[in-house]
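Q: After the C-alpha coordinates below, expect a handful of questions from me.
The values are calculated or read from the model by the stated rules, or taken from the named source; none is laboratory data. This structure is a prediction, so every number in the text was calculated from the model and none was measured. Backbone-built Cβ (ideal geometry, glycine too); neighbour counts: all protein chains shown.
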Amino acid sequence: MFRLNDLILLLVIFSSMLTGILFPEPASIFQPYPLFLMMFLLFLSFLPIELNDIRQLIRNNGSTVIWLACFKMILLPIMVYFLFIQVAPAYAIGALLLTGVSTGVVAPFISGLVDADGPLVLVMVVITSFAVPFTLPMLVKILLEQEMTLSLLHMMRMLLLVIVVPVIMGETLKRLWPKIVGGLMKHRYPMSLAVFALINLAVFSKYSAFFYKHPAIIVKAGLAAFALGGIYFLAGLAGLLKSSVKKQLSAVITIGNVNNVLILVFAAEFFGPLEPTLAAIYMVPFFGLILPMRVYARIRD
(Lines give C-alpha, C1' and ligand atoms only; values in the text may rest on other atoms or scores of the structure.)
Protein backbone atom coordinates (compact mmCIF):
# COMPACT_ATOMS: atom_id res chain seq x y z
CA MET A 1 0.00 0.00 0.00
CA PHE A 2 2.84 2.41 0.85
CA ARG A 3 6.25 2.94 -0.70
CA LEU A 4 9.33 2.65 1.49
CA ASN A 5 9.81 6.42 1.12
CA ASP A 6 6.33 7.04 2.54
CA LEU A 7 7.09 4.92 5.61
CA ILE A 8 10.42 6.73 6.05
CA LEU A 9 8.54 10.04 5.90
CA LEU A 10 6.15 8.93 8.66
CA LEU A 11 9.10 7.75 10.77
CA VAL A 12 10.87 11.10 10.34
CA ILE A 13 7.70 13.07 11.14
CA PHE A 14 6.92 11.28 14.38
CA SER A 15 10.49 10.79 15.58
CA SER A 16 11.18 14.52 15.14
CA MET A 17 7.93 15.35 16.98
CA LEU A 18 9.01 13.13 19.86
CA THR A 19 12.54 14.54 19.86
CA GLY A 20 11.22 18.10 20.04
CA ILE A 21 8.99 17.19 22.99
CA LEU A 22 11.59 15.16 24.92
CA PHE A 23 14.61 17.39 24.23
CA PRO A 24 13.23 20.92 23.93
CA GLU A 25 16.41 22.83 24.79
CA PRO A 26 18.67 21.62 21.95
CA ALA A 27 15.71 21.61 19.52
CA SER A 28 14.78 25.19 20.46
CA ILE A 29 17.61 26.59 18.30
CA PHE A 30 15.32 26.02 15.30
CA GLN A 31 12.33 27.89 16.77
CA PRO A 32 12.97 31.17 14.89
CA TYR A 33 13.06 29.45 11.48
CA PRO A 34 9.90 27.38 10.69
CA LEU A 35 8.56 30.06 8.33
CA PHE A 36 11.73 30.05 6.23
CA LEU A 37 11.96 26.26 6.36
CA MET A 38 8.39 26.04 5.04
CA MET A 39 9.25 28.39 2.19
CA PHE A 40 12.20 26.21 1.21
CA LEU A 41 10.03 23.09 1.43
CA LEU A 42 7.41 24.60 -0.89
CA PHE A 43 10.18 25.75 -3.23
CA LEU A 44 11.32 22.13 -3.54
CA SER A 45 7.75 20.86 -3.86
CA PHE A 46 6.77 23.21 -6.70
CA LEU A 47 9.84 22.46 -8.84
CA PRO A 48 8.21 19.56 -10.77
CA ILE A 49 5.03 21.54 -11.52
CA GLU A 50 4.91 23.34 -14.88
CA LEU A 51 2.66 26.37 -14.44
CA ASN A 52 2.56 26.93 -18.22
CA ASP A 53 0.39 23.82 -18.62
CA ILE A 54 -2.19 24.89 -16.05
CA ARG A 55 -4.20 27.23 -18.32
CA GLN A 56 -5.10 24.46 -20.76
CA LEU A 57 -5.91 22.08 -17.92
CA ILE A 58 -8.33 24.65 -16.45
CA ARG A 59 -10.06 25.01 -19.83
CA ASN A 60 -10.54 21.25 -20.01
CA ASN A 61 -12.05 21.03 -16.51
CA GLY A 62 -13.67 24.48 -16.12
CA SER A 63 -16.95 23.90 -14.28
CA THR A 64 -15.57 21.05 -12.19
CA VAL A 65 -12.59 23.15 -11.11
CA ILE A 66 -14.75 26.11 -10.06
CA TRP A 67 -17.18 23.98 -8.04
CA LEU A 68 -14.48 21.86 -6.41
CA ALA A 69 -12.41 24.92 -5.48
CA CYS A 70 -15.40 26.66 -3.84
CA PHE A 71 -16.47 23.47 -2.08
CA LYS A 72 -12.96 22.69 -0.81
CA MET A 73 -11.84 26.17 0.20
CA ILE A 74 -15.09 27.71 1.54
CA LEU A 75 -18.13 25.47 2.00
CA LEU A 76 -16.53 22.36 3.49
CA PRO A 77 -14.31 24.22 6.02
CA ILE A 78 -17.38 25.99 7.41
CA MET A 79 -19.36 22.74 7.67
CA VAL A 80 -16.47 20.86 9.32
CA TYR A 81 -15.87 23.70 11.78
CA PHE A 82 -19.47 23.72 13.02
CA LEU A 83 -19.53 19.91 13.15
CA PHE A 84 -16.46 19.88 15.39
CA ILE A 85 -17.92 22.67 17.53
CA GLN A 86 -20.66 20.18 18.40
CA VAL A 87 -18.65 16.95 18.80
CA ALA A 88 -15.05 17.98 19.59
CA PRO A 89 -14.88 21.74 20.26
CA ALA A 90 -11.24 21.68 21.38
CA TYR A 91 -10.24 20.64 17.85
CA ALA A 92 -12.68 22.82 15.91
CA ILE A 93 -10.04 25.43 15.03
CA GLY A 94 -7.53 22.80 13.95
CA ALA A 95 -10.20 21.10 11.84
CA LEU A 96 -11.06 24.44 10.22
CA LEU A 97 -7.42 25.12 9.38
CA LEU A 98 -6.73 21.67 7.93
CA THR A 99 -9.94 21.65 5.90
CA GLY A 100 -9.41 25.16 4.56
CA VAL A 101 -5.77 24.83 3.57
CA SER A 102 -4.60 24.21 0.01
CA THR A 103 -4.20 20.80 -1.60
CA GLY A 104 -0.73 19.38 -0.94
CA VAL A 105 1.88 19.46 -3.67
CA VAL A 106 2.35 15.67 -3.46
CA ALA A 107 -1.32 15.17 -4.41
CA PRO A 108 -0.52 14.51 -8.11
CA PHE A 109 1.66 11.61 -6.98
CA ILE A 110 -1.20 10.21 -4.87
CA SER A 111 -3.50 10.48 -7.89
CA GLY A 112 -1.15 8.23 -9.82
CA LEU A 113 -1.27 5.58 -7.10
CA VAL A 114 -5.07 5.30 -7.22
CA ASP A 115 -5.57 6.04 -10.95
CA ALA A 116 -7.43 9.31 -10.38
CA ASP A 117 -7.75 12.23 -12.81
CA GLY A 118 -4.18 13.53 -12.58
CA PRO A 119 -4.63 16.77 -14.59
CA LEU A 120 -7.60 17.79 -12.42
CA VAL A 121 -5.59 17.20 -9.24
CA LEU A 122 -2.68 19.24 -10.61
CA VAL A 123 -4.99 22.15 -11.41
CA MET A 124 -6.48 22.03 -7.91
CA VAL A 125 -3.00 22.10 -6.34
CA VAL A 126 -2.14 25.32 -8.15
CA ILE A 127 -5.53 27.05 -7.73
CA THR A 128 -5.91 26.26 -4.04
CA SER A 129 -2.30 27.21 -3.34
CA PHE A 130 -2.84 30.69 -4.73
CA ALA A 131 -6.30 31.02 -3.14
CA VAL A 132 -5.41 29.99 0.42
CA PRO A 133 -3.64 33.24 1.45
CA PHE A 134 -6.99 34.98 0.97
CA THR A 135 -9.65 32.36 1.78
CA LEU A 136 -8.21 30.83 4.94
CA PRO A 137 -7.48 34.09 6.84
CA MET A 138 -10.96 35.36 5.95
CA LEU A 139 -12.58 32.16 7.25
CA VAL A 140 -10.53 32.34 10.44
CA LYS A 141 -11.35 36.00 10.97
CA ILE A 142 -15.10 35.60 10.31
CA LEU A 143 -15.65 32.37 12.26
CA LEU A 144 -13.34 33.12 15.19
CA GLU A 145 -13.74 36.89 15.48
CA GLN A 146 -15.61 36.70 18.79
CA GLU A 147 -13.03 34.39 20.35
CA MET A 148 -9.73 36.04 19.55
CA THR A 149 -8.15 39.08 17.98
CA LEU A 150 -6.30 38.10 14.83
CA SER A 151 -4.86 40.38 12.18
CA LEU A 152 -6.38 39.51 8.81
CA LEU A 153 -3.61 41.32 6.95
CA HIS A 154 -0.93 39.62 9.03
CA MET A 155 -2.31 36.18 8.21
CA MET A 156 -2.63 37.02 4.51
CA ARG A 157 0.86 38.49 4.38
CA MET A 158 2.33 35.43 6.06
CA LEU A 159 0.65 32.96 3.67
CA LEU A 160 1.44 35.05 0.59
CA LEU A 161 5.07 35.18 1.64
CA VAL A 162 5.24 31.44 2.25
CA ILE A 163 3.56 30.44 -1.03
CA VAL A 164 4.22 33.10 -3.67
CA VAL A 165 7.93 33.70 -3.02
CA PRO A 166 8.89 30.00 -3.42
CA VAL A 167 6.84 29.77 -6.64
CA ILE A 168 8.56 32.85 -8.10
CA MET A 169 11.97 31.55 -7.07
CA GLY A 170 11.25 28.16 -8.63
CA GLU A 171 10.01 29.59 -11.92
CA THR A 172 12.98 31.97 -12.11
CA LEU A 173 15.43 29.14 -11.47
CA LYS A 174 13.83 26.96 -14.17
CA ARG A 175 14.27 29.68 -16.77
CA LEU A 176 17.73 30.97 -15.85
CA TRP A 177 19.54 27.96 -14.41
CA PRO A 178 17.76 24.74 -15.44
CA LYS A 179 20.82 22.62 -14.62
CA ILE A 180 20.58 23.67 -10.97
CA VAL A 181 16.93 22.58 -10.97
CA GLY A 182 17.98 19.17 -12.25
CA GLY A 183 20.48 18.83 -9.42
CA LEU A 184 17.92 19.87 -6.82
CA MET A 185 15.38 17.40 -8.20
CA LYS A 186 17.81 14.52 -7.70
CA HIS A 187 18.17 15.32 -4.00
CA ARG A 188 14.68 16.73 -3.40
CA TYR A 189 13.43 13.86 -1.24
CA PRO A 190 16.21 13.75 1.40
CA MET A 191 16.27 17.54 1.53
CA SER A 192 12.50 17.61 2.09
CA LEU A 193 12.81 15.02 4.86
CA ALA A 194 15.41 17.14 6.62
CA VAL A 195 13.20 20.22 6.40
CA PHE A 196 10.19 18.28 7.73
CA ALA A 197 12.25 17.21 10.72
CA LEU A 198 13.57 20.70 11.45
CA ILE A 199 10.06 22.20 11.30
CA ASN A 200 8.81 19.62 13.80
CA LEU A 201 11.76 20.20 16.11
CA ALA A 202 11.08 23.94 16.03
CA VAL A 203 7.34 23.67 16.65
CA PHE A 204 7.15 20.86 19.18
CA SER A 205 10.06 22.01 21.32
CA LYS A 206 8.05 25.20 21.81
CA TYR A 207 5.15 23.23 23.34
CA SER A 208 7.17 20.58 25.19
CA ALA A 209 6.00 21.63 28.66
CA PHE A 210 2.37 21.49 27.53
CA PHE A 211 2.70 17.91 26.27
CA TYR A 212 4.39 16.79 29.49
CA LYS A 213 1.36 18.08 31.41
CA HIS A 214 -1.19 16.69 28.91
CA PRO A 215 0.23 13.53 27.25
CA ALA A 216 -3.25 12.27 26.30
CA ILE A 217 -3.54 15.19 23.87
CA ILE A 218 -1.56 13.29 21.22
CA VAL A 219 -4.00 10.34 21.36
CA LYS A 220 -7.02 12.64 21.19
CA ALA A 221 -5.48 14.56 18.29
CA GLY A 222 -4.94 11.24 16.51
CA LEU A 223 -8.62 10.37 16.85
CA ALA A 224 -9.58 13.81 15.54
CA ALA A 225 -7.17 13.42 12.61
CA PHE A 226 -8.65 10.07 11.57
CA ALA A 227 -12.16 11.50 11.91
CA LEU A 228 -11.15 14.27 9.52
CA GLY A 229 -9.72 11.72 7.10
CA GLY A 230 -13.07 9.91 7.04
CA ILE A 231 -14.97 13.16 6.55
CA TYR A 232 -12.70 14.18 3.66
CA PHE A 233 -13.14 10.80 1.97
CA LEU A 234 -16.94 10.96 2.10
CA ALA A 235 -17.02 14.67 1.20
CA GLY A 236 -14.86 14.07 -1.87
CA LEU A 237 -17.12 11.30 -3.15
CA ALA A 238 -20.25 13.34 -2.44
CA GLY A 239 -18.82 16.55 -3.91
CA LEU A 240 -18.63 14.98 -7.38
CA LEU A 241 -21.32 12.35 -6.85
CA LYS A 242 -22.47 12.19 -10.49
CA SER A 243 -18.98 12.23 -11.97
CA SER A 244 -16.73 9.35 -13.01
CA VAL A 245 -14.79 7.33 -10.45
CA LYS A 246 -11.56 9.03 -11.58
CA LYS A 247 -12.98 12.48 -10.89
CA GLN A 248 -14.48 11.38 -7.56
CA LEU A 249 -11.09 10.09 -6.44
CA SER A 250 -9.54 13.37 -7.60
CA ALA A 251 -12.01 15.22 -5.37
CA VAL A 252 -11.05 13.02 -2.40
CA ILE A 253 -7.37 13.77 -3.06
CA THR A 254 -8.04 17.50 -3.46
CA ILE A 255 -9.89 17.62 -0.15
CA GLY A 256 -7.99 15.02 1.88
CA ASN A 257 -4.36 15.25 0.74
CA VAL A 258 -3.89 18.75 2.11
CA ASN A 259 -0.81 20.83 2.80
CA ASN A 260 -0.80 19.95 6.49
CA VAL A 261 2.81 21.07 6.94
CA LEU A 262 1.80 24.60 5.96
CA ILE A 263 -0.87 24.47 8.68
CA LEU A 264 1.72 23.14 11.11
CA VAL A 265 3.72 26.35 10.61
CA PHE A 266 0.70 28.67 10.30
CA ALA A 267 -0.95 27.28 13.45
CA ALA A 268 2.27 27.52 15.43
CA GLU A 269 2.44 31.20 14.46
CA PHE A 270 -1.13 32.18 15.39
CA PHE A 271 -2.58 29.50 17.69
CA GLY A 272 -1.73 27.15 20.57
CA PRO A 273 -0.32 23.59 20.72
CA LEU A 274 -3.47 21.65 19.73
CA GLU A 275 -3.65 22.94 16.16
CA PRO A 276 -0.06 22.13 15.09
CA THR A 277 -0.33 18.74 16.80
CA LEU A 278 -3.44 17.88 14.80
CA ALA A 279 -1.73 19.06 11.61
CA ALA A 280 1.34 16.90 12.24
CA ILE A 281 -0.60 13.75 13.17
CA TYR A 282 -2.80 14.15 10.09
CA MET A 283 0.19 12.84 8.13
CA VAL A 284 -1.05 9.30 8.97
CA PRO A 285 -4.59 9.58 7.51
CA PHE A 286 -3.03 11.66 4.71
CA PHE A 287 -1.46 8.46 3.38
CA GLY A 288 -4.12 6.20 4.88
CA LEU A 289 -6.71 7.58 2.44
CA ILE A 290 -5.01 5.56 -0.30
CA LEU A 291 -6.56 2.32 0.97
CA PRO A 292 -10.28 3.34 1.00
CA MET A 293 -9.82 5.06 -2.37
CA ARG A 294 -8.50 1.83 -3.89
CA VAL A 295 -11.31 -0.18 -2.30
CA TYR A 296 -13.92 2.27 -3.62
CA ALA A 297 -12.45 2.14 -7.13
CA ARG A 298 -12.57 -1.68 -7.14
CA ILE A 299 -16.18 -1.73 -5.91
CA ARG A 300 -17.26 0.77 -8.59
CA ASP A 301 -15.38 -1.11 -11.31
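Q: Identify, please: which residue in the stretch 42-66 is under 15 Å from Phe130 (Cβ atoms) and either touching an Asp or Glu at 6+ places or on another chain (Cβ under 7 Å) or of a type in the set (Lys, Arg) (or both) and is, among those, modelled with the highest pLDDT?
A: The selected residue is Arg55.
Q: All but one of (1) surrounded by 15 or more Cβ atoms within 10 Å (Cβ to Cβ); (2) of a type in the set (S, T, N, Q); (3) over 27 Å from Tyr81 (Cα atoms) hold for Asn200, so report the exception by its number.
A: (3)
Q: Another one. Would the stretch 92-101 turn up any residue that is in a loop (DSSP other than H, G, I, E, B), modelled with pLDDT of 80 or more and either surrounded by 14 or more Cβ atoms within 10 Å (Cβ to Cβ) or touching a helix residue (DSSP H, G or I) at 6+ places or on another chain (Cβ under 7 Å) (or both)?
A: To start, the set of residues in the stretch 92-101 that are in a loop (DSSP other than H, G, I, E, B) comprises 101.
So of that shortlist, the ones also modelled with pLDDT of 80 or more come out as 101.
With the extra rule that they be either surrounded by 14 or more Cβ atoms within 10 Å (Cβ to Cβ) or touching a helix residue (DSSP H, G or I) at 6+ places or on another chain (Cβ under 7 Å) (or both), the set shrinks to 101.
Yes.
Quick grid of which residues meet (1) among the charged types (D, E, K, R); (2) under 29 Å from Leu139 (Cα atoms); (3) touching a residue at least 40 places away in the same chain (Cβ under 8 Å):
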site	(1), (2), (3)
Asn5	no, no, yes
Leu10	no, no, yes
Ile21	no, no, yes
Leu44	no, yes, yes
Asn60	no, no, yes
Val65	no, yes, yes
Cys70	no, yes, no
Pro77	no, yes, yes
Leu83	no, yes, yes
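Q: Can you name every one of the helices (runs of 4 or more DSSP H) wholly within the stretch 154-250 that holds 3 or more residues which are aliphatic (A, V, I, L, M)?
A: Values: elements: 178-186, 188-206, 208-213, 216-239.
Of the helices (runs of 4 or more DSSP H) lying wholly inside the stretch 154-250, those with at least 3 residues that are aliphatic (A, V, I, L, M) span 178-186, 188-206, 216-239.
Q: Collect the residues in the stretch 186-210 that are at pLDDT below 85 and touching a Pro at 6+ places or on another chain (Cβ under 7 Å), keeping them in residue-number order.
A: Correct list: Val203, Tyr207, Phe210.
Q: Arg55 is checked against (1) without any contact (Cβ under 8 Å) to a residue 12 or more places away in the chain; (2) within 20 Å of Ser243 (Cβ to Cβ) and fails just one. What number does that condition carry?
A: For Arg55, the failing item is (2).
Q: Please work out if Pro26 is outside any helix (DSSP H, G or I), under 28 Å from Lys213 (Cα atoms) and at pLDDT 80 or above. Can you show your working first?
A: Working: outside any helix (DSSP H, G or I): no; under 28 Å from Lys213 (Cα atoms): yes; at pLDDT 80 or above: yes.
Criteria not met by Pro26.
Q: Taking the stated definitions as given, is Ser129 hydroxyl-bearing (Ser, Thr, Tyr), in a helix (DSSP H, G or I) and closer than 22 Å to Leu160 by Cα?
A: Numbers: hydroxyl-bearing (Ser, Thr, Tyr): yes; in a helix (DSSP H, G or I): yes; closer than 22 Å to Leu160 by Cα: yes.
In short, yes.
Q: Go through the stretch 133-153 and give me each residue that's loosely packed, with under 12 Cβ neighbours inside 10 Å, in a helix (DSSP H, G or I) and modelled with pLDDT under 85. Quick ask: steps written out before the conclusion?
A: Taking the stretch 133-153 first, the residues loosely packed, with under 12 Cβ neighbours inside 10 Å are 142, 145-149, 153.
Narrowing the set further to residues that are in a helix (DSSP H, G or I) leaves 142, 153.
Residue satisfying the conditions is Leu153 alone.
Q: From the list Gly256, Gly222, Gly230, Gly239, which one is over 19 Å from Lys72 (Cβ atoms) and out of contact with any Cys (no Cβ under 8 Å at 6 or more places or on another chain)? Walk me through how you get there before you give the answer.
A: Working: Gly256 fails: over 19 Å from Lys72 (Cβ atoms); Gly230 fails: over 19 Å from Lys72 (Cβ atoms); Gly239 fails: over 19 Å from Lys72 (Cβ atoms).
Unique residue meeting the criteria: Gly222.
Q: With the condition kept exactly as written, say whether any residue in the stretch 275-290 is farther than 29 Å from Val162 by Cβ and surrounded by fewer than 20 Cβ atoms within 10 Å (Cβ to Cβ). First the steps, then the outcome.
A: The initial filter retains those residues of the stretch 275-290 that are farther than 29 Å from Val162 by Cβ, namely none.
The answer is no, given that none of the residues of the stretch 275-290 is farther than 29 Å from Val162 by Cβ and surrounded by fewer than 20 Cβ atoms within 10 Å (Cβ to Cβ).
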